[in-house]
Amino acid sequence: MQEVFSVEQDNRRRGMNTKKADFDCLVRNAGIVRPNRQGTQLADIAILDGCFALVEPNIDPLRSRQVIDAQGLLAFPGLVDAHTHAGIYSPLAQDARSESRAAAQGGVTTMLNYMRTGQYYLNRGGPYQDFYPRVLDDSRGNYWVDYSYHLAPIANSHIGEMEDLLLKQGVPSFKIFMFYGGYGLHGKTGKDAQRDFLMLDDGSSYDIAHFEFIMREASRLMKAYPQLADSISVSLHCELADILNAYTRLVQQDGGLTGLRAYSAARPPHSEGLAIWIAAYLAYETECLNINLLHLSSRKAVEAAMMMQSLFSHINFRREVTIGHLLLDYDSETCCHAKVNPPIRSREDVEFLWESLLQGDIDWVVSDHACCSEELKTEGQDHRDGGNIWLSKSGFGGTEYLLSGLYSEGRKRGLSLNRMAELLSWQPATRYGLHNKGDIAAGLDADLVLFDPGQSFTVRSGESESAQGYTPFEGLQLNGKVTSTFLRGELVNDRGAIVGSPRGQYQARPTAGPNMAP
């Protein structure tokens, strides 16, 4: 950590009388990066009772029990990683511990996890009134950062539970996996197998009609509870099973493509685009006004999303990309380690995502972190020779590289520091009802990241707290590194070393907070 000293201890040593301090901690000489601003401000940050209390230059250090000299490092608001998957491949309690430690290493102070019934995660079906308390039990005391959950109504009966999840559990955000009805998590599969995967009862079907009814219920809740309406949203993984099935068969029969290129061709970009059109029309039909289009991976996906925004201008669309789709392309040497849904795309698609981000067409950047061990990921294959992309599991981690990755490539392209704070903190916090997060301002949780823009490093999986054991980012040279992470005013990451015990708290949303308008 940066230079630290205790004012009270120093005063006692000098025999001075001390009074009760105004602040618990004072971070001095920080280059403060705030969303919705221009440029940075060299100032001090005072923290009291886990919240930011005062942000201004030259705060008297004698007013604080502890003083930290940031020595000019950048200070970002704690990152809100709005798309993670703790517990997907390992028991939730175990995964929460290791992967939240990795998150803290990267400056993430809040993880928003996607969760559903069916295989993986808790490997159980049934109603959310039984399922979700188990999720919370397994989470409690295991996160080093704050956390919350998005839930996917899988069975028809889950739609009737959305109101209770909103009002009693603080879950206002719901997910639809558009390809799940007829295509597997890792590749082509039979419809019966997919029903077993989702653990659907005989009266349920996971199809476009089901998606419509989810949106209708979300729309009803927005109207029934106008004070919560801004926080209620539906998020969609936009790929269509019929297109994926057809193109997977074509690519496998042809045999001319292997690795990530084959997987991208089997799940072509126009499948994303077509799914976005369907999702947008359903939102229009159902008057579901808050729609999140997740992990857009291609030019066609973004263009479709912008067409729908223009056509249905009254719908509050939000568009998300992942750091993996911004840093990797399908010619990356990592191959099967980078298998993910939707796939890693061409370099041309990667550059178009960056152009869209710089133009303001992308609302936030996430990791889509899903820790998948080597043993599970490649099924014993040697990924160095290309491996068998069809047998590999989907998903990989990367939350620990979220800020450094965006900074490293973003600065090359002219992305401002303030815009980074919007993409990684303010925008996801605002959309998902985290009114206590997202900025460095009085009254908000004192979630803070000290970041050294002059420090470069090479990504090495062995230096990560993640239990994954590898990373598709291995060997990447990144500019800028997180040096310290504070959760509600307490240090949790000191130069890559995790400090203290897990103290992350469940965030029932929308959370209380001061007026966050800039």
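The mean sequence distance of close C-alpha pairs (under 8 Å, at least 6 residues apart), as a share of the length of the stretch 342-452, puts its relative contact order at 21 percent. Here the 3J(HN,Hα) profile of the stretch 42-56, calculated from phi with Karplus coefficients 6.51, -1.76 and 1.60 at θ = phi - 60°, is 7, 7, 10, 10, 9, 10, 9, 6, x, 10, 5, 10, 7, 10, 6 Hz, Gly and Pro shown as x. Placing +1 on each Lys and Arg Cβ and -1 on each Asp and Glu Cβ, with no other charges, gives the chain a dipole about its Cα centre of roughly 740 debye.
The distance separating the Cα centre of the stretch 247-283 from that of the stretch 446-518 comes to 34 Å.
For the Cα atoms of the chain, what angle does the longest principal axis make with the long axis of helix 92-105, in degrees from 0 to 90, nearest 10? Relative to the chain, helix 92-105 is tipped by roughly 50 degrees. Here the chain exposes an accessible surface that is 47 percent carbon and sulfur, computed with a 1.4 Å probe and the other protein chains kept in place.
Between residue 175 and 151, 152, 235, the built amide H atoms are under 5 Å apart, and every one of these is 5 or more places off in sequence or on another chain. Between the helical axis of 128-139 and the longest alpha-carbon principal axis of the chain there is an angle of about 40 degrees.
Would you list the P(r) distribution for the stretch 109-168, with all Cα-Cα distances sorted into 10 Å bins from 0 and each bin expressed as a whole %? Percent of Cα pairs in each bin: 21, 56, 22, 2. Summing charges over all other residues whose Cβ lies under 13 Å from the Cβ of residue 461, with Lys and Arg as +1 and Asp and Glu as -1, gives -3. Within the full protein context, the accessible area of residue 439 is estimated at about 10 Å² for a probe radius of 1.4 Å.
Per the Debye calculation on the stretch 386-518 with a single equal scatterer at every Cα and no solvent contribution, log₁₀ I(q)/I(0) for q = 0.11 Å⁻¹ amounts to -0.49. Evaluating 6.51 cos²θ - 1.76 cosθ + 1.60 at θ = phi - 60° for every residue in the stretch 255-265, the Karplus couplings come out as x, x, 10, 9, x, 5, 5, 5, 5, 5, 5 Hz, glycine and proline recorded as x. Normalised by 2.2 N^0.38 Å, where N is the number of residues, the C-alpha radius of gyration of the stretch 191-240 stands at 1.44. Against the main long axis of the alpha-carbon atoms of the chain, helix 208-224 sits at an angle near 40°.
Evaluated at q = 0.13, 0.20, 0.23 Å⁻¹, a Debye calculation over the C-alpha positions of the stretch 383-434 (equal weights, vacuum) places log10 I(q)/I(0) at -0.53, -0.79, -0.88.
Could you work out the Rg to Rh ratio of the chain, with Rh taken as the Kirkwood radius (inverse of the mean 1/r over all Cα pairs)? The Rg/Rh ratio comes out at 0.97. Any idea which of 106, 369, 390 is furthest toward the positive side of the dipole for the chain, if Lys and Arg beta-carbons carry +1 and Asp and Glu beta-carbons -1? Checking the options against the dipole of the chain, the answer is 106. When only alpha carbons are used to place a centre, the stretch 152-197 and the stretch 222-240 end up 15 Å from one another. Ranking 276, 255, 293 by Cα position along the charge dipole of the stretch 239-383, where only Lys, Arg, Asp and Glu carry charges on their C-beta atoms, puts 276 farthest toward the positive end. In the stretch 396-518, taking the dipole from charged Cβ atoms about the Cα centre, the farthest positive-side position among 453, 497, 433 is held by 433. Between the C-alpha center of the stretch 26-43 and that of the stretch 325-383 there is a gap of 31 Å.
Here the peptides 100-106, 311-317, 441-447 are ranked by packing, the mean other Cβ count within 10 Å, and the order with the highest first is 100-106, 441-447, 311-317. Close amide H partners of residue 493, meaning residues 5 or more places away or on another chain with modelled amide H under 5 Å apart, are 485, 499. Once the Cα-Cα distance is subtracted from the 0.36 nm per residue extended length, the residue 202 to residue 313 segment shows a gain of 36.1 nm. Here the contact order of the chain, divided by its residue count and restricted to Cα pairs under 8 Å and six or more residues apart, works out to 21 percent. With all protein chains kept in place, the per residue accessible area of the stretch 368-464 amounts to 32 square angstrom at a probe of 1.4 angstrom. In order along the stretch 365-379, phi translates into HN-Hα couplings of 10, 10, 9, 6, 5, 9, 5, 10, 4, 4, 4, 6, 4, 10, 6 Hz, rounded to whole numbers, per the Karplus curve 6.51 cos²θ - 1.76 cosθ + 1.60 with θ = phi - 60° and x for Gly and Pro. Using the Cβ atoms and a cut-off under 10 Å, what net charge is assigned to the surroundings of residue 480, where Lys and Arg are +1 and Asp and Glu are -1? Around residue 480, the surrounding residues sum to +1. Residues whose amide H comes within less than 5 Å of that of residue 42, counting only those at least five positions distant or on another chain, are 32 (H built at 1.01 Å from N in the peptide plane).
The values are calculated or read from the model by the stated rules, or taken from the named source; none is laboratory data. For clarity, every value in this text was computed on a predicted model and none was experimentally measured. Cβ sites come from the backbone with ideal geometry, for glycine too, and all protein chains shown count toward neighbours. The area values use the complete protein model at the heavy-atom level, side chains included, leaving out ligands, DNA and RNA. Shrake-Rupley method; radii C 1.70, N 1.55, O 1.52, S 1.80 Å.
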